[in-house]
Every structure is written in structure tokens, then in C-alpha cells.
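Below: one structure, written as C-alpha cells.
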Amino acid sequence: MKIDGKISSSQMEQNWTRYMVMTDVKSLRKPVEFQEENEVQVSVPTNKTLQKHFTTVTPVEKGLQCTPFILNTPVWTEHNSLVHTGTTHYEGGWPKDIDTHDEEVTARYRRKQEKSEAYLHQMKGLTKTMEHAILQNSACDIYQNYFEDIEQHELIEQFSSKTVHVYKDNLDVKRSCSYICWSEEGMHFASIHCNIGEMNNTVTDSYIWDIENPNVPLQTLVPPYQARCLEYNFKDGCQLAGGLFSGQIAIWDIRVANEPVEITLREASHKDVVTKVLWTGTKTSNEFLSGSTDGRILWWDMRNLNEPYDFLNLAPKDTQNVDPKRCFGVCAVEFEQTMPNKYTVGTENGLIYSCSRKYKTPADKIQALTIAHTGPVYSVERNPLFIKNYISVGDWQTKIWTEDCRDNPIVWTKEYAVQLTCGVWSPTRCSLVFICRMDGVMDAWDVIHRLDGPVLRIKLSDVPLLALRVHKSGKLIANGTEGGAIYLTEISDNLTFSSANDKPALSGMLEREMRRQRLLEAKIKEMKLKEKELERERIRRQMRMEKENSIEDEEQDLILEAQHQFWTKIHGRKSLKNTLKGIRMRDAGVNLLKPGKKPMLKKDNKE
């Protein structure tokens, strides 16, 4: 391809039709070829005078990043506080001169409007639509069931959950949510916030929340000291009992004030933090019990809070005058309303006490003692349907126990890598257990579905979960964290309700595991008896061998003694014989020479 380089661009613009570029078709799509030519473009001679200005620079290593830097920065948007406001509706549409409170005037006005032509036209237009819908309903039975003979199957639904609300402590002081309790109506719950490590904290506020309003608490409870636990009276939803860090018990009536209406005397109360308060099942609903880390269980009557009417000291050998230093601190107490005389206590050293109120002496009240965990027992709760079975949560495991087999658990979970903090049964699904962990995770275990792992795992927070309560409907779960926030979680329906086969399946499983545990215990006892028998046989054999050895030793000693006496007599006779022989030889004049030489007779001097 050749182009005349002498033609200017202006000439081409003016006479663009006169110039053409001629080339072969085969050379249009050929690749471009470059050629290298050794040609000197510039020659710069050396200048020795500039050598003095030359400076040797130390080499420097420097890294370069070609890709752009990306910064991941979380941004909290501004929180808009919502406020619930109410509106009042007044009946409208009446003229100003009509008094709506006067029934006679309003009835006269209605009759007047009904006689007008506009009212008739409007009613005709409305009745046409209504008549059309009525005729459709008459032609088609909307209540007819077309699939009555088809067997219904349960839909396979995945276990799921979602966080409904988050309730936060708005105070600047960082406090943990240590306890949660639901009201009997189910629309409110109370939360206890405290600093467990600080005994004398000036901020003591606790809250009552409405589940539909997470922004502002419904009511604030102000105890004189930090509260550790709180419980609603199951017969009076306006009455609450709470345990304080001072060891006292405070009673609130939310209809009266935010401060306690009654409080127990300091000298008659516990000596340490109250960890549990439970209302007992009495007709008057005035009695409750309290447990503390001082190792005592106290029973109170609201009609006389000056002193408890009964007590129990948790010690290895309980007596009337037991040393308080030997008592084991109370971490969890379980009291079933259908079993008013029995209650179960979990202690700080991993023991579970099964107690009864039938007996009067403290030593008889403790019926059984079980070594359950290596650390504190944080939760003890009975199954809502099978009340003989209960769970215990502590260290790294959750265990299911039965009263018919107290030595060992019948079912237990695997050992977690993190410690557990609390656990409860579901009130509506008899086989479901909820467990909270130190890493902010809540696990849901269904013991008849699977035992090798939880059926649902929910990551709620990065801080430990300290409190857990399930709503009586089984649908909502409230979790309190170490940071003070409360997470309200809603679970799916297949985790909320029990099917028709769940109850017999759980009953069969618990019965089977109990029989298995009994067989194992019987086998272990039999092995221990065999070991004891073998040990006794070994001891008897050893004693028999020692006795035989002693008899042989005595016989050997007698033989040795006889030999000694024999040889003593023999040597004595030989020595006597030699002595007599020497005397005779001396008298005969024979020299006693060395052995091997013959004796020589002495010659007479005369010879």
C-alpha cells in the first residue's frame, strides 16, 4: 500500500474525490511487521568535569501496591426512637347543629335522610354488588371440603428461627442481664441487670418490658441494692419477689410504685447474694423460698417477713448447729407445683440435692445426693410432662437424670469446647431442650430426633449468654447477655408444638435408657463384687502361703538345731578322745610331732 506523502491534508479535503489509495485485497488483513535497524539517533560525549558531582546513592528497597486499598469500616446508622401514641375517635359525619349524644335527635335525622332520593340511589348501587356476591355464594358452597378422603401428611419443614426484637439497657454503666422471667399473661417480661463482680453499685435499676415495644421499658424497678433474681407470682401477675445482693428479699407491687413495698430484715436474711427465688404452690400464694450462696434455703411467708418459718443448710452432714463455712452455695433451685413437697437444688461444687419438706429434722430433709458436674450446676429443671426426669447444666455438658436412677445420668450431650451457662425445657414440646453457651450461641437439642448434635444452632451475640427463658406458648425465647442486651427469638412451628408420636417416643426412650443404666449399674456392681472376692481370695492365699512358709521355716529351724546339737556332740567326743590319747602318749614318752611324721620314743639318758 502506497500513499503520496506530498499531498497535504487541505488538498485532500478540497479534492478528496481525486485521490485514491490502491492496494491488493490479499494485503488488507496481514499483520504488521516491525523491523529493527541499528541507527545512531543521538551521541553524547563524556564530560570528565561532571564526574566530581557524581554521588553514589545507597540502594533502598521499597514495595509498591498496584491494587487500590479497600478499607472495611462498620458504620452505625442513626437510631430513630419510635414513640407509641394513641388517638381518640369521635363519631363523625353529623351536622354541627345535631347533638350526637341525644338519641332522639339523631334518630329523627336518620329517618329524614332515609326518605331522601339520594339515599335510595346510593343504596341501590350498594345492593347490586352485595346481591351479586350472595348469588355467587349460593351457587358455590364455599365451605365444602373436596379432599376429605385424602390422608393428610405433615409437611417437611426445616428448623429455623429469627430474631424479633433486641432490648437494650440505655444506661451508660455497663451491666449484665443475669435473670429473665415472663409474666403469667405472656405480654411482658422482667429483666434483672447487675454487675456481679461489684457488690456496691449505685445503679440498681431493673426493667419490665412490653414485647411489642423494645425501645422504652414499660416500667422501671428500683431496689435498694442490686438485684440478682426476680420471679412473678403465678397467681397474682402484679406481684414480684426478688433476691438482692445484700441477702434480703424484696417484694414489689407494680400497681403501687417502682420501689419495693416490703423487704425482709437484714439480720434474718441470707448472709450472701440471693441466687434464686421461687413461689411455692400454696392455696394463698403467699409463700416462697429463696436460695443463696451462703448455703441455705429459706422459706418465707409474705404475711410475716420478719423471719423465715423454715430453713435448710446444705452440708455433707447437716445438723442444727452446722458450721456455715461447710455449707455449699446454691446456684439453682427447681420446684414443681404438682410436687409441693419435693425440690431439687444445684450447688457450686457440682452436687445436686434431692430434698423433701415432709420431714422436720434438717438431716432427714436431704433424701439423696448426686455428684453431677465438676463445676457449678447453673440450671436444674424438670420435664413438663415427665416430672420424674430433670436436666442439669454445668461445666461442659447437659445431663438428663431420673429419680429412679440417681447415681448416673441416663442421657447426656457431648462435651462442648466452651462452657455452658444455662438450659431449660420447652414448655410445649416435651423433647426439646435449649442450652446457652459462653460464646454467645444457643443450641436446641431434640432428644428423640438426634443425640449426636443440636437440631438448631443460633448465634445471637459475641458475648456470653447468661439468662434464658421460654414463653409459655413455646414460640418466643428471651436471652440475656453479659453486655446487657436481651434478644427475643422466634422459632419455627415444628420446634414449637409436639406431634402425636412425640410423647410415647420420649417415654419409650427414657424408659429404655433407664433400664440400660440399671443393667450397667448391676453389671458394675457385679464386677466390683467379683473384684472384692478376688481380692479376698488373694489375701487368703497369701496368708495361707505365709502360714505354710512359717511352718516350713519352723521345721527347717528344728532340723538345723538338731544338726547343730548332733555335730556339737560329735565334735565334743572327738576332742575328748584326742585329749585322752595325748595324755596316754605323753605318759608313754611319745613326742607329738607334726602331722605326717612318725613319733619317736625318747631314749633313756643312761643308754
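Below, the figures for the structure above:
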{"read-out": "GLY329 vs. criteria surrounded by 15 or more Cβ atoms within 10 Å (Cβ to Cβ), at pLDDT 85 or above, farther than 18 Å from ARG406 by Cβ and within 27 Å of the chain's Cα centre (by Cα)", "value": "yes"}
{"read-out": "Meets criteria (of a type in the set (Lys, Arg) and closer than 20 Å to LEU468 by Cβ) for LYS325", "value": "no"}
{"read-out": "Options ILE211, ILE192: the member that is surrounded by 16 or more Cβ atoms within 10 Å (Cβ to Cβ), touching a Cys at 6+ places or on another chain (Cβ under 9 Å) and touching a residue at least 12 places away in the same chain (Cβ under 8 Å)", "value": "ILE192"}
{"read-out": "Residue in the range 89-107 that is within 30 Å of VAL216 (Cα to Cα) and not in a helix (DSSP H, G or I) present", "value": "yes"}
{"read-out": "Odd one out for THR17 among (1) outside any helix (DSSP H, G or I); (2) modelled with pLDDT under 75; (3) open to solvent by 100 Å² or more (accessible area, probe 1.4 Å)", "value": "(3)"}
{"read-out": "Single condition ILE98 does not satisfy, out of (1) surrounded by 10 or more Cβ atoms within 10 Å (Cβ to Cβ); (2) under 28 Å from the mean Cα position of the chain (by Cα)", "value": "(2)"}
{"read-out": "Any hit, the range 393-405, residues being open to solvent by 30 Å² or more (accessible area, probe 1.4 Å), touching a Phe, Trp or Tyr at 6+ places or on another chain (Cβ under 7 Å) and within 21 Å of LEU314 (Cα to Cα)", "value": "no"}
{"read-out": "Inter-residue pairs, beta-carbon under 7 Å, first at positive phi and in the range 458-485, second at pLDDT below 95 and buried (at least 20 other Cβ atoms within 10 Å of the Cβ), 6+ apart", "value": "GLY474/SER426; GLY474/ARG429; GLY484/ASP169; GLY484/ARG175; GLY484/SER176; GLY484/CYS177; GLY484/HIS193"}
{"read-out": "Members of the range 212-240 found to be under 30 Å from ASN80 (Cα atoms) and in a strand (DSSP E or B), listed by number", "value": "ASN213, GLN219, THR220, LEU221"}
{"read-out": "One residue from ILE180, ILE98, ILE150 being over 30 Å from ARG429 (Cα atoms) and not charged (D, E, K, R)", "value": "ILE98"}
{"read-out": "The range 220-248 residues that are under 28 Å from LYS283 (Cβ atoms), paired with ones that are open to solvent by 10 Å² or more (accessible area, probe 1.4 Å) and among the aliphatic types (A, V, I, L, M) (beta carbon under 6 Å, 6 or more apart)", "value": "CYS238/ILE254; GLN248/ILE263"}
{"read-out": "Pick from the range 336-383, criterion under 17 Å from the mean Cα position of the chain (by Cα) and in a strand (DSSP E or B), ranking: farthest from ARG326 (Cα to Cα)", "value": "ARG382"}
{"read-out": "Failed criterion for ILE3 (all others in (1) farther than 30 Å from VAL216 by Cβ; (2) open to solvent by 100 Å² or more (accessible area, probe 1.4 Å); (3) modelled with pLDDT of 75 or more hold)", "value": "(3)"}
{"read-out": "Only listed residue being assigned to a loop (DSSP other than H, G, I, E, B) and over 49 Å from the mean Cα position of the chain (by Cα), chosen from GLN144, GLN122, GLN136", "value": "GLN144"}
{"read-out": "Only one of LEU171, LEU155 that is among the hydrophobic types (A, V, I, L, M, F, W, C), in a loop (DSSP other than H, G, I, E, B), more than 19 Å from LEU488 (Cβ to Cβ) and modelled with pLDDT under 80", "value": "LEU155"}
{"read-out": "Residue match in the range 549-562 (condition: open to solvent by 80 Å² or more (accessible area, probe 1.4 Å), at pLDDT 85 or above, part of a helix (DSSP H, G or I) and not charged (D, E, K, R))", "value": "no"}
{"read-out": "Among (1) in a loop (DSSP other than H, G, I, E, B); (2) open to solvent by 20 Å² or more (accessible area, probe 1.4 Å); (3) within 14 Å of ASN383 (Cα to Cα), the one test that CYS430 misses", "value": "(2)"}
{"read-out": "Evaluation of THR361 against (1) more than 29 Å from ALA522 (Cβ to Cβ); (2) at pLDDT 90 or above (one fails), failing number", "value": "(2)"}
{"read-out": "Boolean, PRO454 is under 17 Å from the mean Cα position of the chain (by Cα), more than 30 Å from ILE208 (Cα to Cα) and surrounded by 18 or more Cβ atoms within 10 Å (Cβ to Cβ)", "value": "yes"}
{"read-out": "In the range 248-267, the residues that are surrounded by 16 or more Cβ atoms within 10 Å (Cβ to Cβ) and either aliphatic (A, V, I, L, M) or not in a strand (DSSP E or B) (or both)", "value": "GLN248, ILE249, ALA250, ILE251, ILE254, PRO260, ILE263, THR264"}
{"read-out": "Any hit, the range 268-291, residues being more than 33 Å from the chain's Cα centre (by Cα), at pLDDT below 95, closer than 19 Å to ALA190 by Cα and in a loop (DSSP other than H, G, I, E, B)", "value": "no"}
{"read-out": "Selection within the range 106-142 - open to solvent by less than 90 Å² (accessible area, probe 1.4 Å) and hydroxyl-bearing (Ser, Thr, Tyr)", "value": "THR106, TYR109, SER116, TYR119, THR127"}
{"read-out": "Scope the range 517-548; condition in contact (Cβ under 8 Å) with a residue 60 or more places away in the chain and open to solvent by 80 Å² or more (accessible area, probe 1.4 Å); matching residues", "value": "ARG518"}
{"read-out": "Residues satisfying the stated conditions in the range 457-484, i.e. assigned to a strand (DSSP E or B), more than 19 Å from PRO217 (Cβ to Cβ) and not aliphatic (A, V, I, L, M)", "value": "ARG457, LYS459"}
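The values are calculated or read from the model by the stated rules, or taken from the named source; none is laboratory data. None of these values were measured; they are calculated from a predicted model. Virtual Cβ from ideal backbone geometry, glycine too; neighbours counted across all protein chains shown. We work out accessible area using only protein heavy atoms, side chains counted, and drop any ligands, DNA or RNA first. Shrake-Rupley method; radii C 1.70, N 1.55, O 1.52, S 1.80 Å.
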